[in-house]
Each structure stands twice: as structure tokens, then as C-alpha cells.
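Below is one structure; the comments refer to it alone.
Where a number appears in this text, it was derived from the coordinates with a stated rule and is not lab data. Small disclaimer: the values here were computed from a predicted structure and weren't measured. Cβ placement follows ideal geometry from the backbone for every residue including glycine, while neighbour counts extend to all protein chains displayed.
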Amino acid sequence: MSAPITPLDPPLSVAGLFAGIGGVERGLAAAGMRTELLCEIWPAAQAVLRQHFPEVELHDDISTLKSLPPVDVVTAGFPCTDLSQAGRTAGIHGAASGLVKHLFELLEKASPTWVVVENVRNMLALDRGQAMNYLVEEFERLDYCWAYRLVDSRFTGVPQRRQRVILVASKKGANYKDPRQVLFADEAFEWDPTQYHQDAYGFYWTEGNTGLGWAQDALPTLKGGSGLGIPSSPALWIPNAPVGRAIVTPTIEDAEALQGFPRGWTEAAQQHGRAGNRWKLVGNAVTVGVARWVGRRLVDPGEPLDVPELLLPTGSRWPTAAWGDGQHRWAVDIGLWPERHPYQHLLDVVAADGVSPLSYRATTGFYNRLLKSRLRYDEAFAIALKSHSEHMAPIAA
């Protein structure tokens, strides 16, 4: 659990770049901050932002944003399309993820106290970590100290196993703050496995033969879709449910709740394109509770924990947590759970009587790939898939 947040007077001000549906800004607002600028190019996301942040200036394209207002915090959850395993993996200089260069162009002329960047775990490994190397080199070029930490959204209590890199940087000088006081001041531990219920399991049905996304009493990472346009919303196996109700898909409202948003948060997006856009918006979002934890520590920095550190030679593999001061870089031995909030069990969030059966096509495709794979899996799960496929066949005909 986290300590209560004591709001600052005046509150810290925020400019949110690549704002999406405002997950970062909603979390920071819960920590007592005030958003003054949002920048987001997708009309569907803009509609959501206008509904929930009606008083905030909204700019539509970071490439045409000339300058930042004099804010305390700049956030940038830049596109993961070229970095994620579900995307194109073109790397940090791909057409989408490469837009982060505009963040550094804007920082050339701005002096926020804090910069907060968020993205997928895969950027630590893709192309031998070139994405992370680019980010820290740019921060070091601009005379910032930085720290990052991989965290799992489940620490906030949501039943979604979602691992994301949070990077915090602060420019050296009169307003310098140590980013380690934000990211390395808290450490908890994952729930004991016996705390997780065995009445529901989340899995992916579009991962092919090489990767089965699987989670007990949780969903694997919600995604907006792969670079090939394949829908990637996960499914659930409810072992004790009758055939036809044992293999199901969550609703978009369930997905919003699994990201820490109120149900219906993205309804405004429906006026812009197909309904599937809501899945993409939610899948691309930052979990609200993660942003709230970061915000709490931006408002009230703590003392960095006394944890082991190891000097990182140039070209080393990026660890799950590290920091640097422009001269040296250190790996930090700290876990993915900075806090541990009361856990919401999966079937307390996803109502079993409100979900839809997984389609015949999706079930059959997943089942066939599972049989062809070399993956280890619960035989009861395979039987449930087969039974569900047979049950859905007449409906699909």
C-alpha cells in the first residue's frame, strides 16, 4: 500500500505528449497534479480527451507543436508500434516510434523539473536495446540524469499482467531532482501464488505457435492489435463453466476497468470509426494506477532504497532497472512491484455472465496452433478449447 498523497500548493503542472486516452494524466491528477496541455493526433483519442479533459488545451500533432508551456512535468507515452512484439519491430527510428524525437526537440527549449516516458518492455531487448540506448543518450546530451524501472500493472491491484518501462529524467541545475527518488524509493513483492484464484485464466488467441500468453487470475497484456491488423484482445478460460461459457472474451468495458479507467471511458471514440478502435485505445493506454504511483513520488520524492547496483559497461544488455548521470550507468536490483495494492480477482472485474463466447474461428485457430506447438499446457485447457470449438461450429455454419 502507498502512503496518502499530500497535495502541493500550487499543484505540479503537466504537459502530456502522445496523450492517448489520458491514462497518465488521470493518474497524475489523482496525485494532485494539474494538466495544462495535451497533444494527441488520433481523432478517436482526441474525442475521449475532450470529453474527460474539457478545460485542457489539446494540440493535434507533436510535429507541429512549436514549444511547451512552462510546466513542471512533461510526459510522453510515445507510440510502441515499432517496438512491441505485436507490432512491426522496426525499432526506435520507425515511422511511429521515431516520433519521440520531437520530445527531445521540444526539451531543447524547455526546462521542466521532470520528464516521464513510458513504453513496452520489448524496447529493452529489441535490436540489442537500441531504443533504450537512444533515449538515454538523448537525455544525457541534454544534460539530464535519468532512471528507469520495469513495473507490472498488477501491483496496482488490477488483474492484468502488464509490464511496462517507466523512465523518469531531471535536468541538472538549480531545479534538479534525483529520479531515483521517484522510481527506487518503493519496493514490495508479488502476491504469493496461493493468493491467486484458480477459477479463471487469461490467454491470447493470436500469438501463433511461438508464444502462448497465459496468466492465472489475470489477463495477459491488453493490446491494441498487431502490425498486421490482427485483433489481439485476450480470452478467458473459466474451468468450472459449462461448455459454451468456458471460453469467452471480455468486453471493452472490462478492458477499461483492467486498465484502471471507469467503465465507458472510451465511449466518445465511437463517433470516429469502427468499434474496434476502442480496443486499440485501451490497449495502448498507461494503466492509471501506475501513473498515480509515479505521480505520488513526483509530488513527494522518497529516499532511494539501499539495493545492489552494478556498473554497466558500454554496450551491456539493458536490465529491468537502471540509472545514469551522464558519466556512468548502473544496473539496479529492484523488482517489478513497487507497491502492492489489494488485488481484484479476475472474475470480480470480468463478470462471467456478461462476456461473449470466443468465436468458432478464433477458438479453432488457437486450438490447432496449440496442438502444433511445442508449448507445455494444461490438458484440461486443450479439452476445453476443443469442446468449445465443437459447440460453436453449428453457430458459425
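Residues whose amide H comes within less than 5 Å of that of residue 12, counting only those at least five positions distant or on another chain, are 34 (H built at 1.01 Å from N in the peptide plane).
Against the main long axis of the alpha-carbon atoms of the chain, helix 43-52 sits at an angle near 70°. Seen from residue 141, the other residues with C-beta closer than 14 Å to its C-beta sum to a net charge of -4, counting Lys and Arg as +1 and Asp and Glu as -1. Rounded to the nearest Hz, the phi-derived 3J(HN,Hα) couplings of region 107-119 under the Karplus curve 6.51 cos²θ - 1.76 cosθ + 1.60 (θ = phi - 60°) are 5, 4, 10, 10, 9, x, 5, 10, 10, 10, 10, 9, 6, where x marks glycine and proline.
Taking every C-alpha pair closer than 8 Å and separated by at least 6 residues, the mean separation divided by the residue count of the chain gives a relative contact order of 20 percent.
Taking other Cβ atoms within 10 Å as a rough exposure proxy, 388, 341, 272 sort from fewest to most as 272, 341, 388. Would you mind telling me the antiparallel percentage of the DSSP bridges in the chain, rounded to 5? The answer is about 65 percent antiparallel.
Taking the longest Cα principal axis of the chain as reference, the axis of helix 360-372 is set at about 80 degrees. From its DSSP helices (H runs of at least four residues, each -39,500 (n - 2.57)), the chain gives a residue-normalised ellipticity at 222 nm of -7500 deg cm²/dmol.
Only one of (i) 0.97; (ii) 1.05; (iii) 1.21 was calculated from the structure for Rg/Rh (Cα atoms, Kirkwood Rh), and its label is (i). Taking other Cβ atoms within 10 Å as a rough exposure proxy, 184, 203, 189 sort from fewest to most as 189, 203, 184. Once backbone amide H atoms are built at 1.01 Å from N, residue 162 has 153, 154 as its partners under 5 Å, excluding neighbours fewer than 5 places away on the same chain.
Pairs exceeding a 20 Å alpha-carbon distance, out of 66/280; 280/372; 66/101; 66/223; 223/372: 66/280; 280/372; 66/223; 223/372. Karplus-based coupling profile of region 344-356, in residue order and whole Hz: 8, 5, 3, 7, 8, 9, 9, 6, 4, 8, x, 9, 9, with θ = phi - 60° in 6.51 cos²θ - 1.76 cosθ + 1.60 and x standing for Gly or Pro. In a reduced charge model with +1 at each Lys and Arg Cβ and -1 at each Asp and Glu Cβ, the chain shows a dipole moment near 1060 debye about its Cα centre.
Compute the acute angle (0 to 90°) between the alpha-carbon long axis of helix 379-396 and the principal axis of greatest extent of the alpha-carbon atoms of the chain; round to the nearest 10°. That works out to roughly 70 degrees. Taking label positions 7 Å along the Cα-Cβ direction at both residue 64 and residue 176, the computed distance is 3.9 nm, reported to one decimal.
So what is the relative contact order of region 250-341, in percent, for Cα pairs below 8 Å that sit 6 or more residues apart? Numbers along the way, then the final one.
On the way: 70 pairs, mean separation 16.5, N = 92.
Dividing the mean separation by the residue count of region 250-341 yields 18 percent.
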